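Structure first, commentary second.
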Amino acid sequence: MKKVLAFDIGGTKIAYAIIDESGNFINEIIKVTTPKTSNGIYELLKTVIKGSEDEIDGVAIATAGAINNENNKIISHVGNLPEKYNELDFTSLTSKPIFLENDANAAGWAEFKLGSAKGTQNAVVLTLGTGVGSGIIVNGKLLKGKSGSAGEMHVRFGFGHNRKCTCGLWDCLETYVSGNALTTDAQIYMSPDATSYDVIRGLKENNQKAQAAFDHWQECLENALVMVCNLFDPEVVVLSGSMAQFVEYDKLQKEVNQDILTQPTELKLAKFENNAGMLGVALLLLERLK
Ligand SMILES: [Zn+2]
């Protein structure tokens, strides 16, 4: 059975493990702090790859950014990763086959192949973390678009100038349904220095203001879900990321299905949490190696 070394490169941590064709993690997942420079990241990857090159059939990397799958180049901004990270020549890291994919796309693929969207042909996996990402499966294939950027959730959700997004636009969907968005709601409904953590804590204590902040956040999520369901007509929408555990699934699924123009859809919590990116990109490479 073939196996690959898979990485998930994030702004704060880099995780890696060896994964086989069945999606099994062969060894324990190792996590290290992301080096401060792009050179440091390159050297770290090179060292780790060298250490296991004899036992693997390829290297798979889940990362921020839009990926050109033909040459493994990153062709967009990369969030909170160091300067010039998107200029790295990943192909030169190893003589083995190497494959990169956007982390949200990879997470979507993992849920589609082995997780909460398994058995479907059309699925949207929304990652609700600090920001918002998505992996979209249409007719059994990962939706990439002409430049690998399909599924970027930087779409305007309102036309005022209320919430500035990390991408530079105002009132992006991300500014209403991410973890940071819940902090914004906390500051509006609770107090100027409240955070998303105060909302979550407040919910457990039946705090009315925390409930109002959460209800606003979840109502925005409902509207976002109606949008993606009408656009992609998925059998299932899977929510992942740090915020996904707080969503009221039954309530939201009912409300979304009342508002969409398409046939009813299902709303589910992701099966794989932080490891979905690594698993998904590993499976994508392993399919190419077959
Ligand atoms: Zn944006």
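The values are calculated or read from the model by the stated rules, or taken from the named source; none is laboratory data. Since the model is a prediction, treat every value here as computed from it, not as a measurement. Don't worry about glycine lacking a Cβ; one is built from the backbone with ideal geometry, like all the others, and counts go over all protein chains shown. Side chains included, ligands, DNA and RNA excluded: accessible areas come from the protein's heavy atoms. Shrake-Rupley method; radii C 1.70, N 1.55, O 1.52, S 1.80 Å.
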(message) As an exercise: evaluate M227 against (1) over 24 Å from the mean Cα position of the chain (by Cα); (2) open to solvent by 50 Å² or more (accessible area, probe 1.4 Å); (3) aliphatic (A, V, I, L, M) and give the number of the one condition it does not meet.
(response) (1)
(message) For the list (1) within 11 Å of the ligand (Cβ to nearest atom); (2) touching a residue at least 12 places away in the same chain (Cβ under 8 Å); (3) farther than 21 Å from N105 by Cα, I need the number of the one condition that K164 fails.
(response) (2)
(request) Scan the stretch 101-156 residue by residue and report those that are on the phi < 0 side of the Ramachandran plot, touching a Leu at 6+ places or on another chain (Cβ under 8 Å), within 16 Å of the ligand (Cβ to nearest atom) and small (G, A, S). (result) G133, S134, A150
(request) Scan the stretch 176-188 residue by residue and report those that are more than 13 Å from the ligand (Cβ to nearest atom) and either buried (at least 23 other Cβ atoms within 10 Å of the Cβ) or under 20 Å from A244 (Cα atoms) (or both). (result) G179, L182, T183, T184, D185, A186
(request) Find all pairs meeting these conditions: Cβ atoms under 7 angstrom apart; at least six residues apart or on different chains; first residue within the stretch 192-216 and at pLDDT 95 or above and part of a helix (DSSP H, G or I); second residue of a type in the set (S, T, Y) and buried (at least 16 other Cβ atoms within 10 Å of the Cβ). (result) S196/T183; K209/Y189; A212/Y189; A213/Y189; H216/Y189
(request) From (1) within 11 Å of the ligand (Cβ to nearest atom); (2) under 16 Å from the mean Cα position of the chain (by Cα); (3) modelled with pLDDT under 90, pick out the condition that doesn't hold for L173. (result) (3)
(message) Going by what's in this entry, would S191 be described as of a type in the set (S, T, Y) and either open to solvent by 80 Å² or more (accessible area, probe 1.4 Å) or over 24 Å from the mean Cα position of the chain (by Cα) (or both)?
(response) yes
(request) Within the stretch 244-282, track down each residue that is open to solvent by 10 Å² or more (accessible area, probe 1.4 Å) and either under 12 Å from the mean Cα position of the chain (by Cα) or closer than 18 Å to K3 by Cβ (or both). (result) A270, F272, E273, N274, N275
(message) Return the residues of the stretch 113-139 that are over 20 Å from N68 (Cβ atoms), in contact with a helix residue (DSSP H, G or I) (Cβ under 8 Å, 6 or more places away or on another chain) and open to solvent by 10 Å² or more (accessible area, probe 1.4 Å); say none if nothing qualifies.
(response) K113, L114, G115, K118, T120, N122, T127, G129, T130, G131, V132
(message) Show me the strands (runs of 3 or more DSSP E) found entirely inside the stretch 1-46 where at least 1 residues are crowded, with 18+ Cβ neighbours inside 10 Å and modelled with pLDDT of 95 or more.
(response) 3-9, 13-20
